[in-house]
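Please read the structure below before turning to the comments.
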């Protein structure tokens with residue numbers, strides 16, 4: 001068996017009318033820049049380039065750089081192919097994300113060939129009772145809309161729900177206190193987004209939030225700059241609840257720097273940015289420091305399933321993100337056998353990721369350049 005085709009398939013689902021605002025912009029579309037890999041036996045594998053959420057048009061040129069390595073190659077030689085692509089890649093974060101999507105697609109094909117789910121290929125025995133998720137959303141043009149989402153996630157059975165912070169720390173504090181009043185005492189809140197204020201304002205916010213430490217699952221990426229590890233450390237030292245982050249990291253070196261700085265309690269890698277091999281390496285280094293993983297999942301069904309299969313096989317992964325905002329590129333294509341019971345997920349026993357996407361999907365969900373996370377002036 002040999003790889004015969006490798007193509008970029010950028011997709012988009014318009015949600016601009018839903019006013020999914022965050023601290024400094026709006027989510028105007030769910031974009032899913034996919035990689036489609038086909039073999040001589042007709043098997044099709046899928047991967048998603050999460051790093052190209054707003055640059056779907058950039059995937060095809062990067063993908064063409066790897067065609068000489070992939071076309072005609074045995075898809076079962078995953079490690080060799082990934083190593084060769086890394087040696088040939090451009091030194092960019094997006095190039096690494098494209099390689100990660102190809103790696104997921106290769107595992108998808110290999111699982112179909114062997115009639116084994118990807119989590120089994122990664123060493124997992126099964127998903128019953130081992131794979132848990134939290135309800136993620138918290139985008140909206142008012143505090144009330146974001147709190148309504150949190151209440152909805154709780155009603156769906158999630159015991160941890162995530163809200164994005166407002167555009168200033170005072171608004172974020174009001175959001176958290178309003179949500180805590182609306183939710184049951186057993187429900188924990190995760191807070192995401194940095195706001196537009198400086199470090200001193202964030203530290204003042206943390207001091208206020210400490211009064212609710214028993215209800216806060218974590219504060220994610222609280223530093224004004226995600227590159228400012230010293231700020232993360234200062235915030236962690238001030239907080240009586242977990243500080244988390246690093247979802248934007250790509251590759252082991254960036255995660256290793258954050259782990260070495262000892263500035264977070266939990267890290268958030270994403271298989272669609274780091275691939276299976278690097279994410280496994282990152283998890284091992286984090287586990288050695290007693291730091292668990294909560295996987296970042298922000299995109300379509302391919303990103304969700306790719307991360308869920310990894311989480312099912314990794315004992316250091318405590319939770320995965322499960323976005324509950326409207327997105328047909330996720331909800332319409334969930335495979336048969338994917339079951340959610342409250343926060344507990346079960347994956348299908350089918351070979352590979354278990355995903356089947358229609359041939360006309362790009363016509364049904366066309367990608368529009370310039371959409372995605374769009375800043376509000």
- Message: Among the listed residues 213, 234, 258, identify the single one that is touching a residue at least 12 places away in the same chain (Cβ under 8 Å), in the same structural domain as residue 174 (by TED's automatic domain parsing), out of contact with any helix residue (DSSP H, G or I) (no Cβ under 8 Å at 6 or more places or on another chain) and in a helix (DSSP H, G or I).
- Response: 213
- Find the residue count for segment 312-333, including only residues that are in a loop (DSSP other than H, G, I, E, B) and within 16 Å of residue 127 (Cα to Cα). 3
- Query: Quick check: anything in segment 157-169 more than 24 Å from residue 29 (Cα to Cα), without any contact (Cβ under 8 Å) to a residue 12 or more places away in the chain and over 17 Å from the mean Cα position of the chain (by Cα)?
  - Reply: no
- Item | Yes/no for residue 328 being within 19 Å of residue 156 (Cβ to Cβ) and either assigned by TED's automatic domain parsing to the domain that holds residue 109 or modelled with pLDDT of 95 or more (or both) | yes
- Check whether at least one residue in segment 202-217 is surrounded by 14 or more Cβ atoms within 10 Å (Cβ to Cβ) and under 20 Å from the mean Cα position of the chain (by Cα), and report yes or no. yes
- Message: So in segment 261-281, with the set limited to residues that are crowded, with 24+ Cβ neighbours inside 10 Å and without any contact (Cβ under 8 Å) to a residue 40 or more places away in the chain, which one is farthest from the chain's Cα centre (by Cα)?
- Response: 264
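Matching residues to (1) without any contact (Cβ under 8 Å) to a residue 12 or more places away in the chain; (2) outside the structural domain of residue 54 (by TED's automatic domain parsing); (3) closer than 22 Å to residue 255 by Cβ; (4) in contact with a strand residue (DSSP E or B) (Cβ under 7 Å, 6 or more places away or on another chain):
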site	(1), (2), (3), (4)
283	no, yes, yes, yes
307	no, yes, yes, yes
312	no, yes, yes, no
319	no, yes, yes, yes
324	no, yes, no, yes
364	yes, no, no, no
- Query: Are any residues in segment 46-72 modelled with pLDDT of 95 or more, assigned to a loop (DSSP other than H, G, I, E, B) and surrounded by fewer than 17 Cβ atoms within 10 Å (Cβ to Cβ), and if so, which ones?
  - Reply: 71, 72
- If you go through segment 71-92 one residue at a time, do you hit one that is touching a strand residue (DSSP E or B) at 6+ places or on another chain (Cβ under 8 Å) and under 16 Å from residue 302 (Cβ atoms)? no
- Query: Just one of the numbered conditions (1) assigned by TED's automatic domain parsing to the domain that holds residue 309; (2) in contact with a helix residue (DSSP H, G or I) (Cβ under 7 Å, 6 or more places away or on another chain) is not true of residue 157; which one?
  - Reply: (2)
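The values are calculated or read from the model by the stated rules, or taken from the named source; none is laboratory data. Treat the numbers as computed from the prediction; the structure is a model and nothing was measured. Backbone-built Cβ (ideal geometry, glycine too); neighbour counts: all protein chains shown.
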